[in-house]
Amino acid sequence: MAKKKQADKPPEEFEDIKWCDKCREWKAASEFYKRYPQRYYRTCKACAKVEDDIYHAKQTQKNRSLTENELFAGDKWCPVCMKTKDKHSFPRQSSSTAGLYRSCRPCCKAYYDANKEKIAARAKLYREANKDEKKKLDATYYIKNKEKVKARVKKYAADNKEMISKKGKAYRGANKEKIKAYQKAYYEANKEKASAYQKAWGEANKEKIAANKKAYRKANRKKILAKQKKYREANKEKAKIYRESNKERLAANQKVWYDTNKERINNERRKKRLISQTG
Ligand SMILES: [Zn+2]
Ligand SMILES: [Zn+2]
C-alpha cells in the first residue's frame, strides 16, 4: 500500500487539522501535544507515546546495564533548586536519559509532599487502567529473561547487602506489632500446613537438630545449670509433694534404671576409685 501523502490535505475550512509525520494521517489538532502555545509536535499523541515508550525502554536497558559507579559518577544540575550536586543526591529512574530523576532528592520530596494526593490518585488511576497489561508484560518479560532477572536481583542484593539489612532491621524495629500480628494471622490461617511442614523439617533434620542442641548445651552449661537450680529452688515444695506422693513409682523406676545401667555405673565407680587411689 502506498503511503498516504501530505498532499491529500483537507480543504482550507478545516483549520484545526494537523498532519502526523509518523502515522502519516490528518488528525484533529486536539490529538497533538503543543510544544509552544502556537506550535504542535510533529507527531500525534498516540505516535508520541509509542516513540516515548521506545525511547524509555532503550534508556532503561542502557541504565540497567550500568554499574553503580558508572551511574553515579560525577555531578548533576537540579533545575528546581538550581544547584549542582553529587549524583548520589538524585533518586534513580532507569527510564530517564541519565538513569536518575531530573530533580534532586530534597526537591523531589518537597514536590511529593506538596502533591501527595494528586500523585497517589494519578498512580492509582494508572495502575487500574494498566493492570492486565502490566501483569502480561511482567509475566512475558520474566519468562523471556528469567536468568537475567534472577542475576539482577542477586547482584542488587549483593551490591546493597548493608543497606538492605539496615533497612530490614529498621523496618522490623518500627513494625514489631504489625509483623507479629501478621505472623499470627498467617499461622492461624496455615496451621495445618505449618505443623506438617515443621514435622517434616524436623524428621529430615533430626541429626542437625540434635547436634545443635548438644552444642548449645555445651556452650551454655553454666546458664542451663543456673536456670535448673533456680527452677528447683522455686519449686522445692512442689517437688517434695511430688516425690512423696509418687514414692513407690519413683523407687521402682530407679531400680529399673539401676538394673539396666548396672555395669556402666560399676565401671564408673571403679574408675573413680582408681583415680583417687593413684591420684
Ligand atoms: Zn500519529
Ligand atoms: Zn534540587
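Pairing the Cα long axis of helix 146-159 with the longest principal axis of the chain, what angle in degrees results, from 0 to 90 and rounded to the nearest 10?
70
Quick check on my link table: of K76/K118; K27/K49; K22/K45, which ones sit more than 20 Å apart, alpha carbon to alpha carbon?
Too far apart for the 20 Å limit: K76/K118.
Return the single residue from P79, P106, P37 with maximal mean-square fluctuation; model: Gaussian network over the chain, springs between Cα atoms under 10 Å.
Of P79, P106, P37, the Gaussian network model singles out P37 as fluctuating most.
Taking the 0 to 90 degree range and rounding to the nearest ten, how far is the long axis of helix 45-64 tilted relative to the main principal axis of the chain, both from C-alpha atoms?
40
Using the Kirkwood radius built from alpha carbon pairs, what does the Stokes-Einstein equation give as D for the stretch 66-114 at 20 °C and 1.002 mPa s, in µm² per second?
Answer from the Stokes-Einstein relation: 196 µm²/s.
Rg/Rh for the chain: what does it come to with C-alpha atoms and Rh from Kirkwood?
Rounded to two decimals, Rg over Rh is 1.28.
With +1 on the Cβ of every Lys and Arg and -1 on the Cβ of every Asp and Glu, and nothing else charged, how large is the dipole of the stretch 66-114 about its Cα centre, in debye rounded to the nearest 20?
160
Could you state the number of Å between the C-alpha centres of the stretch 183-234 and the stretch 49-128?
Between the Cα centre of the stretch 49-128 and that of the stretch 183-234, the gap is 49 Å.
Using the basic label-point model (7 angstrom from Cα toward the beta carbon), what is the K247 to A114 distance in nanometres?
Simple spin-label model gives 8.9 nm for this pair.
What angle, in degrees between 0 and 90 and rounded to the nearest 10, separates the Cα long axis of helix 221-234 from the longest principal axis of the Cα atoms of the chain?
Orientation of helix 221-234: about 70 degrees from the principal axis.
For a label point 7 angstrom out from the Cα of Y55 toward its Cβ, which stretches of the stretch 78-115 have the backbone nitrogen within less than 19 Å?
Hits in the stretch 78-115 for Y55 at 19 Å: 79, 93-103.
Readers should treat all values here as calculations from the given coordinates under stated rules, not as data from a laboratory. For clarity, every value in this text was computed on a predicted model and none was experimentally measured. Here the Cβ is made from the backbone with ideal geometry for all residues, glycine too, and neighbour counts use every protein chain on show.
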